[in-house]
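Down below is the structure, laid out as structure tokens.
The values are calculated or read from the model by the stated rules, or taken from the named source; none is laboratory data. These numbers were taken from a predicted model, which means no experiment stands behind them. Please note: Cβ atoms are built from the backbone with ideal geometry, for glycine as well, and neighbour counts cover all protein chains shown.
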Amino acid sequence: MKKVLVTGATGHLGYNLCLELKKYYDVFAFCRKNSNTKNLKNNRINIIYGDVNKFNDFYSASIGKNYVIHAAAIYSHEEKFRQITLKTAKKSAENFCKLFLKLKIDKGIYISSVSVLGLNYNQILKKNIKIIDSSNDPYVNSKLTSYKIVKKEIKKYKFPISLVLPSSMIGLNDFRITPSTSNIKNMIRTPIGFYVQGGINLINVRDVCRSIVLMLNKKNNKTYILSGHNIKIKDLVKRVRRIANKSDFSLMLSKNFFLFLHYLFKFTGLNLLISFPLNLNQIKNIGKFSYFDCLDAKKDNIFRNTPLDKTLRQCIKSLDY
């Protein structure tokens, strides 16, 4: 069997990806020594310990592998993690690309995010790869920086690397609760549903995994948008609460309301006791739309879209709200 190395294997995408890849390949999970690898071991996934920020570790783990999939990242919008989020994204992207100068690897996949394409004040679908210039959000900035690094190296050396831009992933096996899943959790743990203006695109994590597996056999270095369902936040809240058997009565909260709370927490010191759920950048994005269409992935026959209700049920089933 051909061998594939997956970084970020203890994360939501990485773990599900290992399970999908195991059907076809000999899978090796590249994990930090202090990470929880219990679920990987229970599924008989090979473990290699190391750090993506250390090239020698990454290089050693990649020797003899036919494919390398880089899914490791710090998924946090919090300002206090800005430097470590950026450092990890930048250094690991550089190390990932360097592998292809040193080793004979058939194909690489680099996981980025649709966040590098930005948001709209309307519901126009983003279909083409046109990245934004910059972002103040720690997570988006890290993804943008690493995207540019990998894209530049692909263009320079013609590396057999595909860049993947998935939208907000939810679904099975989100053990550590990513921000996307946390948003779903918040929609159902209150007596009534609260929503803000704007819209989002949600995709089943397993759909992303299946697409990545199919990409491994594509002899190209394309960049793919992977998107699932475009939906208004208002409609999403109602749908989530209905599936969770909660009252579908909902109330809209304005951007000004969250700005007031943000500054109240900041100037009264409440933020030292309780972490406010949104940072200033996220509050400023209220009212915008994150709508996408994955035309190239559909055209290349590497994408299948799970019905949204099924995806939401899988997500909700795993939550203890």
### Message
Taking the condition of being within 15 Å of residue 200 (Cα to Cα) and assigned to a loop (DSSP other than H, G, I, E, B), how many residues in the range 260-291 meet it?
### Response
6
### Message
Quick test of your reading of the structure: residue 72 fulfils all but one of (1) surrounded by fewer than 19 Cβ atoms within 10 Å (Cβ to Cβ); (2) part of a loop (DSSP other than H, G, I, E, B); (3) not polar (S, T, N, Q). Name the failing condition by number.
### Response
(1)
### Query
In this structure, does residue 225 turn out to be modelled with pLDDT of 95 or more, part of a strand (DSSP E or B) and either touching an Asp or Glu at 6+ places or on another chain (Cβ under 8 Å) or of a type in the set (Asp, Glu) (or both)?
yes
### Message
Out of everything in the range 139-175 that is part of a loop (DSSP other than H, G, I, E, B) and either under 18 Å from the mean Cα position of the chain (by Cα) or at pLDDT below 95 (or both), what residue ends up being surrounded by the most Cβ atoms within 10 Å (Cβ to Cβ)?
### Response
171
### Message
I'd like to know if the range 266-277 contains one or more residues that are of a type in the set (D, E, K, R) and modelled with pLDDT of 95 or more.
### Response
no
### Message
For the structure I just gave you, tell me whether residue 53 is in contact (Cβ under 8 Å) with a residue 12 or more places away in the chain, farther than 27 Å from residue 152 by Cα and outside any helix (DSSP H, G or I).
### Response
no
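Against the condition more than 20 Å from residue 297 (Cβ to Cβ), at pLDDT below 95 and either surrounded by fewer than 21 Cβ atoms within 10 Å (Cβ to Cβ) or not aromatic (Phe, Trp, Tyr) (or both), how does residue 136 come out, does it pass?
So residue 136 fits the description; yes.
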### Task
Just give me the residues in the range 224-250 being among the polar types (S, T, N, Q) and either within 16 Å of residue 168 (Cβ to Cβ) or buried (at least 21 other Cβ atoms within 10 Å of the Cβ) (or both), in sequence order.
227, 230
### Query
If you scan the range 100-124, which residues turn out to be outside any loop (DSSP other than H, G, I, E, B), surrounded by fewer than 19 Cβ atoms within 10 Å (Cβ to Cβ) and within 23 Å of the chain's Cα centre (by Cα)?
120
### Message
Whether any residue in the range 185-198 is β-branched (Val, Ile, Thr), part of a helix (DSSP H, G or I) and surrounded by 20 or more Cβ atoms within 10 Å (Cβ to Cβ) is what I want to check.
### Response
no
### Test for residue 214: is it closer than 21 Å to residue 21 by Cβ and either aliphatic (A, V, I, L, M) or in a strand (DSSP E or B) (or both)
yes
### Query
Looking at 68, 116, which is the one that is modelled with pLDDT of 95 or more and under 22 Å from residue 27 (Cβ atoms)?
68
